[in-house]
Amino acid sequence: MGWFTWLVGKPINSKELLRRNQRLVNKAIRNIERERYILEKQEQKQIVEIKRVAQKNQPDVVRALANDLVRTRNHIKKLIKMKANLQGVALQLTTLEAQQSIMQAVHHATLVLRGLNRHKLPLRQRQP
């Protein structure tokens, strides 16, 4: 069995799997935030560029830059939606982790009560 675990890897329990998934989701959220920040900076540069070209009275160039600005804004909106969806997934993972810890606590309480039942402790007798 030792060489098999070396070859395939140690089996992952559900708690570790949940942690890994949470880290992956958080990493994806950070990457989306980083990309959104870059696009917002690019949007500001495009606005300045459009104003500069408009002062030179070049309407065709302004139209092309405006179309590019619209594409950038739409991409930012998509990133915001993706981030919201990933935050929803992160919330579901957190809920799942809480449910799992509650299930584990109930399981341990059941084991304790089972042990107490084995000892058959005398019940209190009612006093009239």
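So the values come out like this:
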| item | result |
| --- | --- |
| Helix-derived mean residue ellipticity, 222 nm - over the chain, DSSP H n ≥ 4, -39500 (n - 2.57), to 500 | -31500 deg cm²/dmol |
| Normalised contact order of the range 13-101, rounded percent, pairs of Cα under 8 Å and 6 or more residues apart | 48 percent |
| Which of Val62, Gln42, Ala109, positive extreme of dipole for the chain (C-beta unit charges) | Ala109 |
| Cα-derived Rg to Rh of the range 13-101, Kirkwood definition | 1.28 |
| Dipole magnitude of the chain, debye to nearest 20 (Cβ charges: Lys/Arg +1, Asp/Glu -1, about Cα centre) | 420 debye |
| For the range 77-120, average projected area of the Cα convex hull in nm² | 2.4 nm² |
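Every number here is computed from the coordinates shown, using simple stated rules; none is lab data. Because the structure is predicted, anything quoted here is derived from the model rather than measured. We place every Cβ from the backbone using ideal geometry, glycine too, and count neighbours over all the protein chains shown.
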